[in-house]
Amino acid sequence: MILVVGAGFSGATIANLLADKADEKVLIIDKNSHIGGSCYDYRDKNGIMIHAYGSHIFHTNSQKVWDYLKQFTDFNTYMHKVIGIIDGIETHIPFNFNSLYDVFPQSYAELLEHKLLDNFNINTKVPILQFQQQDDDDLKYLANYVYDKIFYHYTTKQWGVSPVDVDDDVTGRIPVYLSKDNRYFQDRYQGIPLNGYTTVIKNMLNHKNIKVKLNTNFSTLDLKKFDKIFFTGSIDEFFGYKFGQLPYRSVKFKLETHNKEFYQSNSVVNYPCNYDFTRIHEFKYYLDDKSDKTVIAKEYAEHFELGKNERYYPIPTDETAELYHKYLYEAEKLKKVYFLGRLGDYKYYNMDGAIARAIEIFESL
Ligand code: UDP
């Protein structure tokens, strides 16, 4: 018997592959009262699919991940766009050529567009901290504008530190995009599963060899009874925090139902300059749910505290890498325990990355 700890995408993928391709008997447990991990969604009383842990948009360039997931669901053709409100003006995030015309007078936007085209290749993405390394006065002004208006406050709210103290991989996720493409992602495959994420994961776990047990913490089981263990919880928790806790950022959502068809113009609106929330999600956009009411969630970032809130984002710094490696070294000594997922690998995976990692582990067995 194999134990999988955690029923999010990482756990569901490894459980499904072991059960289906290797004919193993699998017990998958989750401490929560639902499957799906942080992709968990549900329809509320208005028929609106709520992403309980914030907006999740599936996107991937991996043919392998796409083909794998398509066994369990169809996707709609939703392509994610993010609007940001800067000094009261709605514009596109990532900042792109269209944003120039939203926030600057036409003639100055044209000048900046020409200078950008002279200095960069069209359709390239430049991380903000690199974009700031400019000689030209106008481009330097633009870079500082984007840094101040889009990155500085949002990142300070989100991570609790200034962007220069956040890992390049994180700030690089939202570059300046030298393009008129307003989409948030350019991946070949994108969409929202037609019946939601929880149903996808339910389908992955719906197998004669898989038993699901909810409201169950791994510490209550006799781990010796299992031939192999796949652990998608936080690696420091597995080892009883013996070297100290790995830090995480967490988020809190305040849900509101409004008596109108739409609250805002888009599924996600970022507030990079004002307010103490980072963004507002409006869920009915994802599956085009029809209702004369709408449900929104204001997202507030906070530090993770054990027992108080959930782990969302690993914090990549030299210090945390060192601490994580201490745990990884312990993990490598265990022959039958495998760690995976955002928390198991202490890595900022997107959904496709988490699935790819689980497939990779399965193939390496
Ligand atoms: N970011 C920002 N301003 C924005 C959007 C994102 O400064 O309007 C930065 C911020 O540091 C954030 C990171 O880019 O944590 C990654 O954003 P993404 O939308 O990928 O984060 P996620 O949806 O995973 O929370």
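Here are the numbers:
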| item | result |
| --- | --- |
| Condition met for V170 (within 14 Å of the ligand (Cβ to nearest atom), open to solvent by 80 Å² or more (accessible area, probe 1.4 Å) and of a type outside the set (S, T, Y)) | no |
| Candidate set: the stretch 131-156, residues that are within 10 Å of the ligand (Cβ to nearest atom) and open to solvent by 40 Å² or more (accessible area, probe 1.4 Å); chosen: the one farthest from N98 (Cα to Cα) | T156 |
| Wholly within the stretch 257-365, strands (runs of 3 or more DSSP E) carrying at least 1 residues that are open to solvent by less than 20 Å² (accessible area, probe 1.4 Å), under 22 Å from Y78 (Cα atoms) and without any contact (Cβ under 8 Å) to a residue 24 or more places away in the chain | 279-282 |
| Residue within the stretch 201-215 that is within 16 Å of the ligand (Cβ to nearest atom), in contact with a strand residue (DSSP E or B) (Cβ under 9 Å, 6 or more places away or on another chain) and assigned to a loop (DSSP other than H, G, I, E, B) present | no |
| Yes/no for K213 being under 25 Å from N309 (Cα atoms), open to solvent by 70 Å² or more (accessible area, probe 1.4 Å) and touching a Phe, Trp or Tyr at 6+ places or on another chain (Cβ under 8 Å) | no |
| Helices (runs of 4 or more DSSP H) within the stretch 98-197 that include 3 or more residues not β-branched (V, I, T) | 106-119, 128-131, 137-146, 153-159 |
| Flag if K81 is open to solvent by 40 Å² or more (accessible area, probe 1.4 Å) and within 13 Å of the ligand (Cβ to nearest atom) | yes |
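The values are calculated or read from the model by the stated rules, or taken from the named source; none is laboratory data. Worth saying up front: this structure is predicted, and the values here are computed from it rather than measured. Glycine also receives a Cβ, built like all others from the backbone with ideal geometry; neighbour counts cover every protein chain displayed. Calculation scope for accessible area: heavy atoms of the full protein, side chains included, ligands and nucleic acids excluded. Shrake-Rupley method; radii C 1.70, N 1.55, O 1.52, S 1.80 Å.
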